[in-house]
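Colleague: Sharing a structure with you now.
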Amino acid sequence: MNRRRHATAAITVICALTVLASPALTLQASAAPLPPPPPKKSLEEVRKEIDDLYRKAAVATDAYNLAEEKTKEQSAEIVRLARMIVEGREKIEDLKSKAGAQARAQYRNGGLPDGAQLVLTNDPQLFLDAAGRLKSGAKATTDLLGEMTRTQAELDTYAKDASTNWTKLEAIRVKQAKAKKEINEKIDAAKKLESELAAEERERLRRLEEQAQLRAQTTWLGTGVLDGLQAGATAEGKRAVEFATAQIGKPYVWGAEGPGSYDCSGLTQSAWGAAGRGIPRTSQEQWRLLPHVDIKDMRPGDLIVYFQDASHIGMYVGNGMIVHAPRPGRNVTLAGAGSMEILGVVRPS
């Protein structure tokens with residue numbers, strides 16, 4: 001009996017010790033060292049990441065601007081079709097009124113058709129006159145009915161076209177909203193990266209950006225690409241250059257076409273518009289639709305398109321320089337024409 005009591009007491013002590021030891025073991029396990037933080041990015045890596053985000057924002061801006069242009073075109077077409085529908089309905093009402101007038105005239109003649117009245121007349125002259133009127137009246141009725149049928153068919157076409165254009169407009173608006181969302185996301189991400197840097201680091205970042213552009217420009221000029229370049233600007237080109245340079249210092253705002261702010265293609269379009277030459281709205285459309293020229297034939301007023309996706313554009317102003325609207329957070333400025341990756345050159349006139 002005593003042995004049993006001693007055994008029971010021993011088991012109780014062991015269990016208590018086990019329970020008391022458990023938290024300590026858990027605490028010891030939770031105190032395992034944390035993994036080391038990821039290595040801090042270098043400023044050059046941050047610069048490249050920021051550049052990439054702004055590049056992606058520029059591509060989305062082109063998509064937004066193109067959608068904006070298409071929206072204007074579709075809206076104008078819908079308005080035009082609506083006017084045509086209104087005019088068509090007015091024409092139908094007018095034709096119905098004329099048809100009613102003919103019916104009332106027949107009623108005044110006693111309800112007899114013109115053919116019956118012709119048979120009943122005994123006067124030869126009246127017979128001839130009535131026959132002429134009958135022929136003319138029949139033609140007029142046929143023409144009236146034909147015109148009503150054509151007008152109704154046109155109305156049906158206008159209504160169908162308006163419905164199709166409305167569907168297209170809604171699809172374009174969806175694309176525009178998607179592009180706007182992407183633009184803001186990329187710009188916000190780039191700004192966040194910059195805001196996480198100390199003031200001194202931001203200044204060093206700015207200098208790194210300038211140095212990278214200077215290296216690219218020096219390398220470009222070193223190829224001799226501008227040797228022998230002597231073409232002068234046309235009168236239109238001079239006006240475009242004067243307009244573009246007058247905008248220096250104004251802020252970049254995506255989607256802006258002036259007069260207080262611009263994006264890159266908004267500036268080039270506005271400059272050439274001021275010179276009397278309309279050109280497409282986006283840098284990609286300017287690259288796609290305007291005549292291409294070789295760099296060795298470049299002259300002031302020509303537009304230089306940058307990057308393989310044609311996401312940026314500036315105006316060549318001579319002496320190896322461009323005027324352009326760089327990106328959010330920057331102003332319209334002079335820059336080396338070779339400070340970015342050149343895709344090609346286009347000529348608005």
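Colleague: Along the Cα→Cβ direction, 7 angstrom out, place labels at Lys181 and Glu242. What is the inter-label distance in nm?
Modeller: 4.6 nm
Colleague: Still on this model: Between Ala212 and Thr234, what length comes free when the chain is fully extended (0.36 nm per residue of separation minus the Cα-Cα distance, one decimal in nm)?
Modeller: This chain segment gains 4.6 nm when fully extended.
Colleague: So, in nm, how far is label Glu69 from label Glu147 when the simple model puts each one 7 Å beyond its Cα toward the Cβ?
Modeller: 4.2 nm
Colleague: If you don't mind, another one. Quick check: net charge around Met84, other residues with Cβ under 14 Å of its Cβ, Lys/Arg +1 and Asp/Glu -1?
Modeller: Numbers: positive: Arg80, Arg83, Arg89, Lys91, Arg150, Lys160; negative: Glu77, Glu87, Glu90, Glu154, Asp156, Asp161.
Once positives and negatives cancel, what remains is 0.
Colleague: Add +1 for every Lys or Arg and -1 for every Asp or Glu among the other residues with Cβ under 11 Å from the Cβ of Tyr252, and state the total.
Modeller: On the way: positive: Lys250, Arg327, Arg330; negative: Asp263.
Charge balance near Tyr252 sits at +2.
Colleague: Could you please state, rounded to a whole Å, how far the C-alpha centre of region 199-221 is from the C-alpha centre of region 274-349?
Modeller: 21 Å
Where a number appears in this text, it was derived from the coordinates with a stated rule and is not lab data. Model, not experiment: these values are computed from the prediction. Here the Cβ is made from the backbone with ideal geometry for all residues, glycine too, and neighbour counts use every protein chain on show.
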